[in-house]
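The structure appears right after this line, and notes come after that.
The values are calculated or read from the model by the stated rules, or taken from the named source; none is laboratory data. Owing to the predicted nature of the structure, the values given are computational and were not obtained by experimental measurement. Ideal geometry is used to build each Cβ from the backbone, glycine not excepted, and the neighbour counts take in all protein chains shown.
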């Protein structure tokens, strides 16, 4: 997973290098910061000469008053530089980090749209949303919020060790004796914290799924009085996530406690030995205070190294989850040499097509038929006979298990996927509208359509009159899934989309089954106008919807029971249950 994470960071190599350089500018500022203390104690209050490395810049001798001012200037300069460095660091960190998060979210969303319907049916929309919103930022957390501080801390430790060795190598050695214990603690706690974060994210995702499903089906939940049961499910998942989070936080606190004890012991040892060195004249008091500052600052980066390693576990959990989505292979991959398709003639051919959603459970068996261009084929049959699956395969949401589906005598797999789907206009039984305006819902079929074209499509679908009677006309918000509109109104907007797209192939999947007889008659009149000059696949249960078809395909248990042009006979059979068709 580390390798995968570094692969994802590769496009941001140079920004990360720049960010690392900005972060490393804090190291010399940190090293200079205690120098005024030494000057004040040794050269202002005491009588020690200036350190040799300062005489290069200010000369060998300064009066006590000038030394005091030098100390004040260094103190003020390091403070200003610290805040400037922090300002630049915060600005560039967020600039790079936000870009990384946006890119990962875009990659995830693009991949999720390429994955099959079966994947989304299995994983659920809430899980995909959670990964996009909460797991995608973990690349930033790994590459910037964890790895940069880790690298900076390691280099800071190295610089401080060199400075401490310059003052007193024995104290430096004593201070470093605690580091093996700290790293041992880090690697003991690392797998525990990784497992805890993994459980936390899975529980949070499950809780989001319960909330989304319950609110999306609020009418059903209220109708059956199941609000409290759904609430209990939500609380149960959140309890699991909170328990996992609490365990991680307790483990982190225990880790911090143990690290604090170890560092306190190291600091005490440095004090004990340092006092002896001052009494022996090996160190000045000012040098001891500087060494003490460096030891304190040394343990900070050491703790940061350990904490960064633990933080990386949280980040890798998120990387692991979003990479699992990116690694999914689309069920309908596009051929490398796919053919472009501007506008199809509309001839559709099924040749010995079989299909199964689950292995061993076939939905279609050896289905063969031909639908000539500009003809209408009605598809009838009992529930579960595979009618809707025909349209699903034609749209290439899935590929057949066996056989070939051809458009204009070319296998669907040989076309560019976007070009292929642009040949269809689809009207479903359950109309899906988005939480936006009426105009934008119609324009969904062709986003660059002008307002005149939108009004023209609505007029053709006989929707213009009711749209103009809405509070804000075409700018009226339809509510979530279009629930502010009636079923017939939603269906007319769906038909307006189809008119606007003006695709050569029309798929009508039981477009009137949920409507009353009066509304159905009006919709069928609109559909008849929409079908003119188009190859149409009409999936229907009601005989009335088949009257405009010139061919009928009867499916039974996934097989072709009959293919006929005797439309009236089939309709009579549907109206008279005992008549064999």
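Summary table
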read-out	value
In region 404-423, residue farthest from residue 344 (Cα to Cα) [restricted to those that are buried (at least 18 other Cβ atoms within 10 Å of the Cβ) and in contact with a strand residue (DSSP E or B) (Cβ under 8 Å, 6 or more places away or on another chain)]	405
Test result for residue 410, modelled with pLDDT of 90 or more and out of contact with any helix residue (DSSP H, G or I) (no Cβ under 6 Å at 6 or more places or on another chain)	yes
Close pairs (6 angstrom Cβ cut-off, 6 or more residues apart or separate chains): on the phi > 0 side of the Ramachandran plot and in the same structural domain as residue 131 (by TED's automatic domain parsing) in region 203-217, at pLDDT below 75 and surrounded by fewer than 21 Cβ atoms within 10 Å (Cβ to Cβ) anywhere	none
Which numbered condition residue 139 fails, given (1) at positive phi; (2) modelled with pLDDT of 85 or more	(1)
Qualifying residue in region 396-412 (condition: under 28 Å from the mean Cα position of the chain (by Cα) and within 26 Å of residue 488 (Cα to Cα))	no
Residues of region 507-520 that turn out to be at pLDDT below 75 and either outside any loop (DSSP other than H, G, I, E, B) or touching a helix residue (DSSP H, G or I) at 6+ places or on another chain (Cβ under 7 Å) (or both), as a count	8
When residues of region 333-385 are limited to those that are in a loop (DSSP other than H, G, I, E, B) and touching a helix residue (DSSP H, G or I) at 6+ places or on another chain (Cβ under 7 Å), the one surrounded by the fewest Cβ atoms within 10 Å (Cβ to Cβ)	340
Verdict on residue 55 being part of a helix (DSSP H, G or I), surrounded by 12 or more Cβ atoms within 10 Å (Cβ to Cβ), assigned by TED's automatic domain parsing to the domain that holds residue 304 and at pLDDT below 70	yes
Where a residue in region 100-129 is in a loop (DSSP other than H, G, I, E, B) and its partner, wherever it lies, is modelled with pLDDT of 85 or more and crowded, with 16+ Cβ neighbours inside 10 Å, with Cβ under 7 Å and at least six apart	116/398
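Yes or no, residue by residue, for (1) surrounded by 17 or more Cβ atoms within 10 Å (Cβ to Cβ); (2) in contact with a helix residue (DSSP H, G or I) (Cβ under 9 Å, 6 or more places away or on another chain); (3) not in a helix (DSSP H, G or I):
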site: 442; (1), (2), (3): yes, yes, no
site: 449; (1), (2), (3): yes, yes, yes
site: 453; (1), (2), (3): no, yes, no
site: 458; (1), (2), (3): yes, yes, no
site: 462; (1), (2), (3): no, yes, yes
site: 467; (1), (2), (3): yes, yes, no
site: 481; (1), (2), (3): no, yes, no
site: 488; (1), (2), (3): yes, yes, no
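For every residue, the table says whether it meets (1) over 25 Å from residue 313 (Cβ atoms); (2) at pLDDT 80 or above; (3) surrounded by 18 or more Cβ atoms within 10 Å (Cβ to Cβ).
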position	(1), (2), (3)
208	no, no, yes
215	yes, no, no
225	yes, no, no
237	no, yes, yes
253	no, yes, no
258	no, yes, no
264	yes, no, no
